[in-house]
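The values are calculated or read from the model by the stated rules, or taken from the named source; none is laboratory data. Worth saying up front: this structure is predicted, and the values here are computed from it rather than measured. Here the Cβ positions follow ideal geometry from the backbone for every residue, glycine too, while neighbour counts run over all protein chains shown. Areas reflect the complete protein model, heavy atoms only, side chains present, ligands, DNA and RNA absent. Shrake-Rupley method; radii C 1.70, N 1.55, O 1.52, S 1.80 Å.
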Amino acid sequence: MGYESDSAATAVVAEDVRRTYHLAEPVHAVDGVSLSLAEGSFTAVMGPSGSGKSTLMNLVGCLDTPDDGRVAIAGQSVGELSDDDRAHLRGTEIGFVFQTFDLMARLTAAENVTLPMVFHDPVDADRRERARALLERVGLGDRLEHKPTELSGGQRQRVAIARALANEPSLVLADEPTGNLDSETEAEIMDLFVELNDEGTTILLVTHEREVAEYADHVVHLLDGRIEDVEHLGERRDVAVGDRVTGALEEVTGDV
Amino acid sequence: MNFLESIRIGWRSIGSHKLRSTLTTLGVIIGVAAVITFMVLGSGFTASIIGDIEADQEPVMMVQTQTVPEDGFGIMTVDSPIYTESDIAELEELDGVEFVAPEGGLDVVQAGTDDEQVTGVIDVQATTADAFEFSTFVDGETFDGPDEAVVNEQASQAFEANLSAGDELTLTFEDGETETVTVAGVVESELGDQTPPTVYVPAEPYYTTTIGTPDGDEERAYPFLQVGAEDLDAVDPVQEDVTEYVEDESHAAELKQDGDEIEVQTVEDAIEQFSDIVDQLTLFIGAVAGIALVVGSIGIANIMIVSVTERTREIGIMKAVGARRRDVMQLFLVESVILGVIGALVGVALGLAAGYAGVTLLEWPMAYPLEWIAIAIVVGVSVGVVSGLYPAWRAARVDPIEALRHE
Ligand SMILES: Nc1ncnc2c1ncn2[C@@H]1O[C@H](COP(=O)(O)OP(=O)(O)OP(=O)(O)O)[C@@H](O)[C@H]1O
Ligand SMILES: [Mg+2]
């Protein structure tokens, strides 16, 4: 089963992607997934534990390469890239947000946000300034010099989001970003993602929770490494970009 | 990735493990400190001996016999009396030679004043007044006549009531005979503190050692000669002439043992030979200290490997946000180089301090072995690079997904 949200301006294309772990028995973590995410779309991925959500996310995020099939990000075929080129692509086109925040414990909030800039452009004079602007944007303008341990869970995730935005990526990948947060904080974080999406950033978000998935335009349901169903929620949100995406989705729905 | 940035991040992670980092660098600290300490002590020792000599150089040279011992290494001075009266007379005739003063030991077992006896430690040498031509007297003057003697400062201080000009000194010879001489002067020692306490008496009449010359005569012969040139400019030509004569034409050339070597050494030559020996010794000790450095770098490598494992997750994060292999490699290398350099710097400081304490205690002059300090720092950097290479390489190869799954 495939899923295609837009053929004209796609941020991510996956074609019959497979990822198998060879243990005592081969584990087909991702078993023939095709999907295509339009630029500016907001997609949630749901599915039971072990259904391959994180594996798919890593493949889309260039952290992993498929055993079979093809993944293309911003028009570049991931399988053809070298290790370092993939690192570069991650640094420039993709922002990651993880369930466990994954900040550098010894660096301050501001330093965590500058980290992707440091790897991207060694002679960037005003990255401190941009880090401050990003942290202000996620509501942490007064926590620049705090270490992760000096921040609450929600604040840490905001820092992680600010870091994901450091190099102005076109795609943000979030693997259960609210999994460790209470529902109130969850809503705040999700509002940030919606805001980002409204500005045109493509978002792919893994979640267990229906209420989180409902922030997205559409939901991809995974089961045993395959797409089981694609749910279209586009009309739920009356946002400006909705038109284009919704239009694109109409075509897709028939395909589902 | 920017170099300064990696230094900042490396420094941060070192700072967050202060105790561990300190212990890690201990090996390098000890190694470097040991090398620097020995270098300071070595140069101090050398300077304590040759410093004074160089200050007021004299146009004199020593003629002596040396041999390379069969077992053991280095050079030994032989004290067989082979320089005859005829040799001395011939040498005195050479152009530019001011004087030739023989020197030979006497078998004296005890030296004493009316109040005090000193047994064993005092060396008694027979010579001529010329030997003191360039010496500095702290008291009195050179001897002039058979019943006078000159003592050096060490000999003077060997007596509780320091000997001074005018004191009576009774020498007891091995065969039981005694002679009483008057101290004419106290002379400053040329080789500084290292000179043994010595009493100098006139060769005439006390020196009686004779040898059968190649000409068939029986003549007095001495184990050492001191040759004085007219001035410093004359030293080099005189050294050449003296060498030529003693090696080819003198009685000594025929009387010396096979394998023995006649040496004509100016003060400068002596200094050189001496520093060579000290240098070799210091180098040897330095090499031993170098082992500590090897141990030190193994320590750094070990802790860096532990640190790579510990920080696997961090490496995963860095890779996820765009770090390339060489960025990760650089981070870890910089960290181990910082450790190495800190070790070297602290080691240098500690070594200088220990060396300073040592030379102060021994009353030697302080020296700053600049080239060794430079070497120590270079070694610190290299130890950091070498011991960090493998861990950094491992870090660079970490798979980001595995790393992010890592607890
Ligand atoms: N490194 C690995 N080695 C072996 N098997 C793996 C590895 N990573 C994942 N798997 C297997 O692949 C399947 C999919 O894992 P994945 O982490 O993608 O699941 P998920 O949908 O993210 O689950 P969860 O909701 O619990 O996070 C699982 O069956 C898992 O056991
Ligand atoms: Mg998962």
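Which ³J(HN,Hα) values, rounded to whole Hz and listed in residue order, are derived for region B:369-384 from phi using the Karplus coefficients 6.51, -1.76 and 1.60 in 6.51 cos²θ - 1.76 cosθ + 1.60 with θ = phi - 60°, glycine and proline given as x?
The phi angles translate into x, 3, 5, 6, 5, 4, 4, 4, 6, 4, 4, x, 4, 5, 4, x Hz.
Give, as a single signed number, the net charge of other residues whose beta carbon lies under 12 Å from the beta carbon of B:MET39, with Lys and Arg counted +1 and Asp and Glu -1. Please list the in-between numbers first.
Numbers: positive: none; negative: B:ASP279, B:GLU371.
Value of the local net charge: -2.
Name the residue, out of B:GLU58, B:GLU240, B:GLU141, whose mean-square fluctuation peaks in a Gaussian network model built on chain B with Cα pairs under 10 Å.
Of B:GLU58, B:GLU240, B:GLU141, the most mobile in the Gaussian network model is B:GLU240.
Taking every pair of distinct Cα atoms and averaging 1/r, then inverting, what Kirkwood hydrodynamic radius in Å comes out for region A:1-155?
17.6 Å
With a 1.4 Å probe and every protein chain left in place, work out the accessible area per residue of chain B in Å², rounded to a whole number.
Heavy-atom SASA per residue in chain B reads 48 Å².
Across peptide A:50-62, what mean number of C-beta atoms from other chains lies inside 10 Å of a residue's C-beta?
For this peptide, the per-residue mean of nearby foreign Cβ atoms is 1.
In whole Å, what are the extents of chain B along the principal axes defined by its C-alpha atoms, from largest to smallest?
The Cα atoms of chain B stretch 99, 50, 38 Å along the principal axes, largest first.
Using the Kirkwood formula on the Cα atoms of region B:113-195, what hydrodynamic radius do you get, in angstrom to one decimal?
13.1 Å
Once phi is turned into ³J(HN,Hα) by the Karplus curve 6.51 cos²θ - 1.76 cosθ + 1.60 with θ = phi - 60°, what whole-Hz value does each residue of region B:137-146 show in order, with x for glycine and proline?
Karplus values, whole Hz, x for Gly and Pro: 9, 7, 7, x, 8, 6, 6, 8, x, x.
Picking from B:TRP393, B:ASN162, B:PRO237, whose Cα lies most toward the positive end of the charge dipole for chain B (charges on Cβ: Lys, Arg +1; Asp, Glu -1)?
Sorting the options by dipole projection puts first B:TRP393.
Could you give me D for region B:59-265, from Stokes-Einstein at 4 °C and 1.567 mPa s, where the hydrodynamic radius is the Kirkwood radius over C-alpha pairs? Units µm² s⁻¹, please.
Stokes-Einstein gives a translational diffusion coefficient of 73 µm²/s.
Chain pair B, A: how much accessible area is buried, both chains summed, with a 1.4 Å probe, in Å² to 100? Walk me through the numbers before you get to the answer.
On the way: alone 20910 and 11640 Å², together 30040 Å².
About 2500 Å² of accessible surface is lost on pairing.
Using the Cα gyration tensor of region B:143-299, with a ≥ b ≥ c the square roots of its eigenvalues, what is the shape: rounded (a/c below 1.5), prolate (a/b larger than b/c) or oblate (neither)?
Details: a/c = 2.17, a/b = 1.34, b/c = 1.63.
Because a/c hits 1.5 or more and a/b fails to exceed b/c, region B:143-299 counts as oblate.
Quick one: work out the % antiparallel among DSSP beta bridges in region A:3-243, nearest 5.
55 percent
Amide H neighbours of B:GLU98 under 5 Å, at least 5 residues apart or on other chains, H built in the peptide plane: list them.
B:GLY228, B:ALA229, B:GLU230
Roughly what % antiparallel, to the nearest 5, for the DSSP beta bridges in the protein assembly as shown?
Just about 70 percent of them are antiparallel.
Using alpha carbons only, how many degrees (0 to 90, rounded to 10) separate the axis of helix A:183-198 from the longest principal axis of chain A?
80 degrees
Given the -39500 (n - 2.57) contribution per DSSP H run of 4+ residues, what per-residue ellipticity at 222 nm results for chain A, rounded to the nearest 500 deg cm²/dmol?
Computed ellipticity for chain A at 222 nm equals -10500 deg cm²/dmol.
Over the Cα atoms of the protein assembly as shown, each weighted equally, I'd like the Debye log10 I(q)/I(0) at q = 0.07, 0.09, 0.11, 0.12 Å⁻¹, rounded to two decimals.
Reported log10 I(q)/I(0), two decimals: -0.64, -0.81, -1.06, -1.18.
With θ taken as phi - 60° and the coefficients 6.51, -1.76 and 1.60, list the Karplus ³J(HN,Hα) couplings across region B:202-215 in order, rounded to whole Hz; mark glycine and proline as x.
Result, ordered by residue: x, 4, 8, x, 6, 7, 10, 5, 10, 9, x, 7, x, 6 Hz.
If contacts are Cα pairs under 8 angstrom and at least 6 residues apart, what is the relative contact order of chain B in percent?
29 percent
Convex hull over the alpha-carbon atoms of region A:76-200: what's its volume per residue in Å³?
112 Å³
Lysines within cross-link reach of A:LYS53: Cα-Cα under 29 Å, excluding same-chain residues under 8 positions apart?
In chain and number order, the partners are B:LYS319.
Can you list residues whose amide H is under 5 Å from A:VAL45's amide H, if they're 5+ apart or on another chain and H is modeled 1.01 Å from N?
A:LEU205, A:VAL206, A:THR207, A:VAL220
For peptide A:160-166, what's the mean number of Cβ atoms from other chains within 10 Å of each residue's Cβ?
Mean shielding by partner chains, rounded to a whole number: 1.
Taking beta carbons within 10 Å but only from partner chains, what does the mean come to for residues B:2-15?
Numbers: counts 6, 1, 1, 8, 2, 0, 3, 6, 0, 0, 5, 4, 0, 1.
The mean count of partner-chain Cβ atoms within 10 Å per residue comes to 3.
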